[in-house]
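Values quoted throughout were computed directly from the atomic coordinates according to the rules given, and no laboratory measurement underlies them. For clarity, every value in this text was computed on a predicted model and none was experimentally measured. In this analysis, Cβ positions are derived from the backbone assuming ideal geometry, glycine residues included, and neighbour counts consider all displayed protein chains.
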Amino acid sequence: MKYLNIFLSVLLLAVFASCSKENPFPDDNGKGKVNTRSLAVELVNEENIMKTRAGVDVADFTVQFFLKGETAPKASFRYGDMPEVVELPVGTYYAKAFFGANASAAWDAPYYEGHTLSDFDVKANQVTMVSDPIVCKLSNVKVTVIFAEELSSVMSADSKVSVKVGEHGSTLDFTKADADRSGYFAFVEGSTTLAAIFTGEVEGHQTTETKVYDDVRPGNHYRIVFTLHSPSDEEPGDISVQLRVDASVEIEDVNRPVDSEDDVLVDDLRPKEDGDDPEPPAQQGPTIEAHEPITFDGVNDVTDSSSVVIDVKSSAPNGVETCKVYIISEKLSKEELEGFGLKDELDLVNPGELAEILSGMGFPVNVGGKKEMTFDISGFMSLLTALTNTGETDEHQFRFVVCDANGTTEKTLTLRVTK
């Protein structure tokens, strides 16, 4: 209990200190501010790896803020250089992140894009917290051309496959030298055809073969496999004249990887064979649930007497491997927390010297390997209430990130205090 009292005392000192700070909005200029510390950019790639702001993979992404109904951004930043507070004119906004040029057709040029899941309002003389991450996915079409060995050995050196996506798209020519390269094509809504045309000499015979695939979607990787086709004995005519090139397509959803045995669609969906065993259901990551009336789906108005309880459960054999809570708050900024000997990132698996004080505040500690745990942070509400000045409203967010062998679960709890 003595640690809780000490923590309350230092937070109250922070309240008094904040009263002496300059007004962050000295003039009513029709603008508000957006706190971007919680605006994480995440990348889903072919290995389904998610990178956050600290990762080099997303530092070069561009983040833009758009006023609803307008096509030009109000602000644009390199993600690695984006300030923690962005000033914008009042209005309803969404944020967009992207990487790449989204060319009509280009070699080795993936284009990633994502948006905030919901809009947010920027109000005059107020700071808006944006809790939605921007999940960026491959947003153009990836194509690889593969020449089967039996065809590659008998086709001429100048043989090629010309690929075009969409009615008015640009063309890339694939040759044997491009076996390790992929082409990327811009996707245009309503123009969903992929055409692949083989031209060249095959065993001395000039050959042209066109394959067309419909319902092409962004984020898919199309592997087009060209093989040598000879007619069967029942087919009439001279075999040398009847030589043809066949093609099939394998389709992989880059943004939603599946097991290697089931990620291939060759022209048509494979029918289920007799005797196939049904696949076991996929294992789910940890669950994070709030006790009513608290919810993760919106803003929770709380007072010093509110009950705030969170349950975390893991079905993995070895329980929880990672459990972190990120505090996102103007009144409890990273710098202020560090001044009190605390952090805005709480590691509950390895809490270190913070274990005793966190336990006194209702946070479970040393939770590695546990399958069930409860966060009863109701006592923390009096501290949050003490931080809010009379006549003001403050929002505080707690972002839970819990991992086990089955996956990762993230949820953000938003608490609002009004005096």
Completion exercise
The residues C323, C136, sorted from fewest to most surrounding Cβ atoms within 10 Å, come out as C136, C323
Practice task
Would you mind working out the magnitude of the charge dipole of region 284-419 relative to its Cα centre, with +1 at each Lys and Arg C-beta and -1 at each Asp and Glu C-beta, to the nearest 20 Debye?
Solution key: 220
Handout entry: Contour excess over end-to-end distance, with Cα ends at K324 and E372 and 0.36 nm allotted per residue
Key = 15.8 nm
Handout entry: Distance from region 71-93 to region 348-394 (C-alpha centre basis), Å
Key = 32
Completion exercise
Contour minus Cα-Cα span, S382 to E203, at 0.36 nm per residue, comes to 56.1 nm
Exercise for the section: Could you go through region 367-380 in sequence order and give the Karplus-derived ³J(HN,Hα) for each residue, using 6.51 cos²θ - 1.76 cosθ + 1.60 with θ = phi - 60°, rounded to whole Hz, and x for Gly and Pro? Expected result: 8, x, x, 6, 9, 9, 7, 10, 9, 10, 9, 4, x, 6
Completion exercise
If S314, S170, S305 are placed from fewest to most neighbouring beta carbons inside 10 Å, the sequence is S305, S170, S314
Exercise for the section: Could you pull out which residues in region 383-419 have an amide N less than 11 Å from a spot 7 Å beyond the Cα of D304, following the Cα-Cβ vector? Expected result: 383-388
Fill in the blank from the handout: Dipole check, region 348-419, charges on Cβ (K,R +1; D,E -1), about Cα centroid: among T418, G407, L384 the Cα furthest to the positive pole belongs to G407
Problem - Efficiency of FRET from Cβ geometry, R217 and H291, R₀ 41 Å, rounded to 0.05 - result: 0.50
Problem - Over region 131-197: Rg over Rh, Cα atoms, Kirkwood Rh - result: 1.12
Practice task
Report the label-to-label distance for S76 and S359 in nanometres (one decimal), using points 7 Å from each Cα along the Cα→Cβ vector.
Solution key: 5.3
Handout entry: Dipole-positive endmost among S333, N300, G319 within region 298-419 (Cβ charges, Cα centre)
Key = G319
Completion exercise
Extension length gain for H229 and A148 (0.36 nm per residue less Cα distance), in nm, is 28.1 nm
Problem - At R0 = 51 Å, FRET efficiency that the Cβ-Cβ distance of T210 and A124 yields, to 0.05 - result: 0.25
Problem - Filter on K68/K343; K31/K334; K343/K371; K96/K370; K137/K164 - keep pairs with C-alpha separation over 30 Å - result: K68/K343; K96/K370
Problem - Placed amide H near L413: partners under 5 Å, 5+ positions off or other chain - result: F398, R399, F400
Practice task
Only Lys, Arg, Asp and Glu count, each charged at its Cβ (+1, +1, -1, -1), so figure out the dipole size of region 141-253 about its Cα centre, rounded to 20 debye.
Solution key: 520
Handout entry: For a label point 7 Å along the Cα-to-beta-carbon line of D173, residues of region 193-229 with backbone N under 18 Å
Key = 195-202, 206-211
Completion exercise
Volume per residue (Å³) of the convex hull spanned by the alpha carbons of region 29-137 is 101
